[in-house]
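Worksheet for the structure shown next.
The values are calculated or read from the model by the stated rules, or taken from the named source; none is laboratory data. Predicted model, so just to flag it, every value in this text is computed and none were measured. Using ideal geometry, Cβ is built from the backbone for each residue, glycine included, and neighbour counts are taken over all protein chains shown. Side chains included, ligands, DNA and RNA excluded: accessible areas come from the protein's heavy atoms. Shrake-Rupley method; radii C 1.70, N 1.55, O 1.52, S 1.80 Å.
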Amino acid sequence: MSAAPTVRHIPDRLDKALTSILLSWESLLVLVAVAIFIANSLASPYFLDAYALSDLTFNFAEKALIALAMALLIISGEIDLSVAATMALTSTLMGFAAQFGVGTFGLVIIGIAVGLACGVFNGFLVTGLGLPSIVVTIGTMSLFRGVSFIILGDQAYKGYPESFAFFGQGYVWGVISFEFALFLVAAVIYWFLLHRTNFGRRIFAIGNNQVTAQFSGVRVKRIKFILFCLTGLMAGIASILLTSRLGSTRPSIAQGYELEAITMVVLGGVSILGGAGSIIGVVLAAFIMGLVTFGLGLLNVPGIVMSIFIGLLLIIIIALPILWRRFGWLIKA
Amino acid sequence: MKDIFKIREVWLAIVIAAMIGAITLRSPSFASPINLGQIFNDTSILIILALGQMSVILTRSIDLSMAANLCFTGMVVAMLNASHPGIPIFVLIIVAMFVGLILGAINGALVWKVGIPPIVVTLGTLTIYRGSTFVISGGKWVNADKMSPEFINFQRVDIFGIPVLSLTAILVVIVFQVFLTRTPLGRSIFAIGVNPTAAVYTGINGGRTKFVAFCMSGLLAGLAGYLWISRYVIASVEVANGYELNIIAACVIGGISIAGGIGSVGGAVLGSLFLGIISNALPVINISPFWQMAISGSAIIFAIVLNARSERKQGRIILKKAETA
């Protein structure tokens, strides 16, 4: 008997050296998050409290849920600016249904269905008609929120069923809120989807080179369509949470959420040009944004001033690696 | 190519004329010269902003920070006016344009020298500029009674029967038309958008051209900052919140391709007028103003579909697009 033929094992990825892990985007984010956490606990005596930290999660869970799906969409080279408007439309239609005595279960179904429908509409315009997503979603952003304004005007919907309040205000286990638990579960699902499935590999392939992906047998349009649907779906879910937390709906609900969700994605190391990024990065970025806004809130810093910090954080954290690379190149030359 | 552009603007002008005609059936006074002049005056600020945005979009970039820039510069001049009423109005306008230019140059420098994608840069500066407005004002408003009469009235003065606000818009339109079609810099803005690789081979500095485009949009946002504050006589952090999307919408409806290189001054003006007429017409024909957002949203989507069709008729690409690292 001859020996079994030796099989040459070719790893599909090279083992990462410790230094490259240390220098990765995610480590940078962890450092920033830890630094902000320590600064916060030194700055305010109220910060290190289980309930305060639990409140913190309400700050970002809704936007972060959208950011998870948005990350996949941006990696594939598209973008969806209409997510906040989708939330407004979803919330309005849920409020409309609630006026007719639709129960909690029915409202959740409506929320998911409307969000999904908005995603399908965007997906059809972008992949079906071949239009650029950035302007399409600027258009649907006006359209979706505009429909909310037509339905509601300057009125507000209240009177949601009592059991509906659970999604935005309830706790699953101890101080772990339903919103936070849902975000963690969703993060694991999206991590698996992006980093452990063929579908995820195809998203990266599309983002890196759409033409090559097409010729390699990737159904580019179908995958992009699914991603738009997922983003709409997550916006619908986020809308259920936000509506439940606020207990009322105005057409201006969730204004500006789209920019915050995109900021999370970009801060998380996802390339705005597509083709690169990780879910872990997005989750870390969500925590950083939550920590910054919550910590500054405890110090009585107004929300609008916090936005300066978020904006600076976004630009600096993206500029740093670019400048670092340039700096290093200068030393070698 | 030129014929398509011509058809495009003529087509948009026909739609606008048809809209005015239809509204006039419901309300005969709508098409009167006075009312149309009023609408143009109302739309002047949007036209000025759309031209700034257009120069950025033509270079394949986008400026989301224009409305925040407007808000910041408006607050600066309003506070200057409130604390030093003696400063002549021309100085204030120059200050507004200068501050706007600086803010635009910051965007441009981050795009050019650091190499961050424009959408990320302006997403960041959008929040920074608006937040800074809160910081310099301490969250307070500057009301009409704190502004000097010249500050408020300057743009309402009629010259040959046309308000200064409208004249400013007309002047900016003329300057832009000459700049974009008759100067090397203006042509290089188009060249960068049509084919960046070919533009580099012809000796155009892409980064610098984008920098200039951002400076232009900043300058015009600054000018619009003064005009906006003196028109609505209130300066607050909320001024023009979300208006950046209206500006982009005006450009898109006007046929300016978000992919860069395609567009005209006439298109940007007509796109702005389209939105201006809708917002002025709704109360006249007894439709709740709450319909406006949905209507402009539908108009944007409709316009993109048409844009995409005309863009497909482009000439053959001889030089392949280079891989951008």
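Matching residues to (1) under 30 Å from B:A199 (Cα atoms); (2) at pLDDT 90 or above; (3) out of contact with any strand residue (DSSP E or B) (no Cβ under 7 Å at 6 or more places or on another chain):
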| site | (1), (2), (3) |
| --- | --- |
| B:K6 | yes, no, yes |
| B:R26 | no, no, yes |
| B:A31 | no, no, yes |
| B:S44 | no, yes, yes |
| B:A50 | yes, yes, yes |
| B:C71 | no, yes, yes |
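From the list B:G186, B:G225, B:G193, which one is closer than 16 Å to B:T59 by Cα, assigned to a helix (DSSP H, G or I), touching a residue at least 12 places away in the same chain (Cβ under 8 Å) and open to solvent by less than 30 Å² (accessible area, probe 1.4 Å)?
Within the list B:G186, B:G225, B:G193, the selection yields B:G193.
If a residue has to be small (G, A, S) and within 12 Å of another protein chain (Cβ to nearest Cβ) to count, how many in region B:276-300 make the cut?
Here is the first cut: in region B:276-300, the residues small (G, A, S) are B:276, B:279, B:281, B:288, B:294, B:296-299.
Next cut, within 12 Å of another protein chain (Cβ to nearest Cβ) only: B:288, B:294, B:296-299.
Here the count works out to 6.
Taking the options B:G115, B:G124, B:G100, name whichever one is modelled with pLDDT of 95 or more and either closer than 30 Å to A:P132 by Cα or crowded, with 24+ Cβ neighbours inside 10 Å (or both). Give the derivation first.
Numbers: B:G115 fails: modelled with pLDDT of 95 or more; B:G124 fails: modelled with pLDDT of 95 or more.
After ruling out the rest, the residue left standing is B:G100.
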Scanning region A:237-260 for residues that are assigned to a helix (DSSP H, G or I) and within 11 Å of chain B (Cβ to nearest Cβ), the one surrounded by the fewest Cβ atoms within 10 Å (Cβ to Cβ) turns out to be A:L259
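So which of A:V301, A:V283, A:V305, A:V292 ends up being outside any helix (DSSP H, G or I) and either more than 7 Å from chain B (Cβ to nearest Cβ) or in contact with a Phe, Trp or Tyr (Cβ under 7 Å, 6 or more places away or on another chain) (or both)?
A:V301
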Consider only pairs whose beta carbons are under 7 Å apart and that are at least six residues apart or on different chains; among these, list those whose first residue lies in region A:145-159 and is within 8 Å of chain B (Cβ to nearest Cβ) and surrounded by fewer than 21 Cβ atoms within 10 Å (Cβ to Cβ) and whose second residue is not aromatic (F, W, Y) and not in a helix (DSSP H, G or I). A:G153/B:S288
Which is open to solvent by less than 10 Å² (accessible area, probe 1.4 Å) and in a helix (DSSP H, G or I), of B:S29, B:S44, B:S61? B:S44
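Tell me the residue from B:V135, B:V99 that is part of a helix (DSSP H, G or I) and within 11 Å of another protein chain (Cβ to nearest Cβ), please. Outline the logic, then answer.
Details: B:V99 fails: within 11 Å of another protein chain (Cβ to nearest Cβ).
Result of the check over B:V135, B:V99: B:V135.
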For region B:241-260, enumerate the residues that are assigned to a loop (DSSP other than H, G, I, E, B), among the β-branched types (V, I, T) and either buried (at least 24 other Cβ atoms within 10 Å of the Cβ) or free of Cβ contacts under 8 Å to residues at least 60 places away in the same chain (or both). B:I256
Sort out which residues of region A:130-142 are open to solvent by 30 Å² or more (accessible area, probe 1.4 Å) and among the aliphatic types (A, V, I, L, M), and write them in order of number. A:I134
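Taking the options A:V218, A:V211, name whichever one is among the β-branched types (V, I, T), without any contact (Cβ under 8 Å) to a residue 40 or more places away in the chain and either away from every other protein chain (no Cβ under 14 Å) or crowded, with 24+ Cβ neighbours inside 10 Å (or both).
Answer to the check: A:V218.
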Selected residue (only one of A:E78, A:E62 is assigned to a helix (DSSP H, G or I), out of contact with any strand residue (DSSP E or B) (no Cβ under 8 Å at 6 or more places or on another chain) and at pLDDT 85 or above): A:E62
